[in-house]
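The values are calculated or read from the model by the stated rules, or taken from the named source; none is laboratory data. Just so we're clear, the structure is a prediction, and the values are computed from it rather than from any experiment. Virtual Cβ from ideal backbone geometry, glycine too; neighbours counted across all protein chains shown.
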Amino acid sequence: MTLRGREIILGVGGGISAYKSADLIRRLQDHGFLVTVVPTRSSQNFVGNATWAALSGREVHDDLWSNVHSVPHIDLAKKCDAIVIAPTTADLLSRIATGRADDLLTNIILASTAPLILVPAMHPEMWLNAAVQANVGLLRSRGVVVVEPDEGRMTGSDVGVGRYPESSRIIQTLSETLDIKADLKGFNVLVTAGGTREAIDPVRYIGNHSSGKQGFATAFAAAKRGAKVTLIAANSDQPDIEGVEMLRVSTADQMHRAVTDHFEEANVVIMTAAVADAKPLQVNDGKLDKNSYHSIELTPTVDILKEIGQRKGDRVLIGFAAQTGEDGLAKAIEKYAQKNLDLIYLNDVTGGAIFGSDQTSGMIVRSGEVVEELHGVSKLTLADKLLDFAAHKLGLAHD
Ligand code: CTP
């Protein structure tokens, strides 16, 4: 499952406004983006690598000739979802327009197929110079996004067009280019994923086939939309998501505790996890001998969703129902009501379908009605549909 859309390379050119990119990094992170900074050599006369490393929380790449074995320009170029260069100097505009590849940043630009957004900032005379404007025109004709500079006071006494724009305008351009909305900024989203395991003895457990992919896709999509996300994952081999608070659990009791601990601050709870409905009454200390292994006495686990449903307040609560057979919809409608949900997704898992897959098929159900039927869509698509609903509900609640 490839989760894409958050990785940004921030190229920093050698202009006095380079310090403004420090604010840009923070604002990009607020919107759910993950930023890797690639400064040019001349920009380091204005701001040093330590600033970029501290703000981005990542290694700063500034040299084509370091770590050559890992081919950094190709690696970075492939990984990123967009390249933003702020500030872009007149020299950088010229080098990009002519296809030069004389430093790490220009190599990445040539090696990447991701959208390129340039944020020029320079003195008005330089910006209006015919050569600079010709480069801007050429780059735009090739599909490069060149943000218009702001008008106002420059360094020194000059006034005119050429100022580094507000971070919000750059992020708006980036979000429009990538077609991303940050409608969940300022909201906390709690997601559960995977399948719990209930020990029978030190070797065996009662578990299920949930891979965690739907929950991970949901957490990723929520983070991409600017939410502060906590993901409680049970026994999933999906890798941690950067920028998401990750909690790994195993049993239904552990998941119950983790959800309870994070429920208060949550605005949206999406329970994709397959939680065991029962656990062995006794867990044997030693491995059970096969001759004494005829039946296991079970005791129910807490129905987490039902419990938080009873004290949900104005939170948005979304549940999942994994069903087989004809009466799936009736059961999902019943669970929707019993657990006091705002939405439930009915997965048809007949024959083990859906588990481990990157695709899902099922029905989005609300108040006894099927809102939408999905056939073989990606788990990210479903995640965004559920989050669209949550964002709409939160928006209404805040009117
Ligand atoms: N759930 C929960 N706590 C449990 C069991 C389930 O929070 N102990 C949540 C799941 O995360 C899911 C929904 O409740 O969002 C599923 O409800 P459940 O009644 O368990 O349905 P299924 O497991 O789909 O089916 P069944 O009732 O047949 O077990």
### Task
Determine if the stretch 245-258 includes at least one residue that is more than 22 Å from residue 296 (Cβ to Cβ), touching a Lys or Arg at 6+ places or on another chain (Cβ under 9 Å) and among the hydroxyl-bearing types (Ser, Thr, Tyr).
no
### Task
Report yes if residue 91 is in contact with a helix residue (DSSP H, G or I) (Cβ under 7 Å, 6 or more places away or on another chain) and either of a type in the set (Asp, Glu) or not assigned by TED's automatic domain parsing to the domain that holds residue 119 (or both), otherwise no.
no
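Do we find that residue 384 is within 14 Å of the ligand (Cβ to nearest atom) and under 24 Å from the mean Cα position of the chain (by Cα) in this structure?
Details: within 14 Å of the ligand (Cβ to nearest atom): no; under 24 Å from the mean Cα position of the chain (by Cα): yes.
Here the answer is no, as residue 384 does not meet what is asked.
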### Task
Would you point out the residue of the stretch 184-206, among those that are farther than 30 Å from residue 312 by Cα and of a type in the set (A, V, I, L, M, F, W, C), that is farthest from the ligand (Cβ to nearest atom)?
203
### Matching residues in the stretch 26-54 - criterion: being touching a Ser or Thr at 6+ places or on another chain (Cβ under 6 Å) and either under 21 Å from residue 100 (Cα atoms) or among the hydrophobic types (A, V, I, L, M, F, W, C) (or both)
35, 37
### Query
Any residue at all in the stretch 209-224 that is at positive phi and away from the ligand (no atom under 16 Å from the Cβ)?
no
## Note on the structure
Of the residues in the stretch 227-262, those that are without any contact (Cβ under 8 Å) to a residue 60 or more places away in the chain, assigned to a loop (DSSP other than H, G, I, E, B) and away from the ligand (no atom under 12 Å from the Cβ) number 7
### Task
Residues being charged (D, E, K, R), under 18 Å from the mean Cα position of the chain (by Cα) and outside any loop (DSSP other than H, G, I, E, B): count how many of those fall in the stretch 156-195.
1
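Taking the stretch 119-152, which residues are among the charged types (D, E, K, R) and over 37 Å from the mean Cα position of the chain (by Cα)?
Of the residues in the stretch 119-152, the ones among the charged types (D, E, K, R) are 125, 140, 142, 148, 150-151.
125 - this is the single residue of the stretch 119-152 that is among the charged types (D, E, K, R) and over 37 Å from the mean Cα position of the chain (by Cα).
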### Message
With the requirement that a residue be more than 24 Å from the chain's Cα centre (by Cα), free of Cβ contacts under 8 Å to residues at least 40 places away in the same chain and more than 24 Å from residue 309 (Cβ to Cβ), what does the stretch 335-374 give you?
### Response
350, 351, 353, 373
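Taking the stated definitions as given, is residue 112 among the hydroxyl-bearing types (Ser, Thr, Tyr) and in contact with a Cys (Cβ under 7 Å, 6 or more places away or on another chain)?
On the way: among the hydroxyl-bearing types (Ser, Thr, Tyr): yes; in contact with a Cys (Cβ under 7 Å, 6 or more places away or on another chain): yes.
The answer is yes for residue 112.
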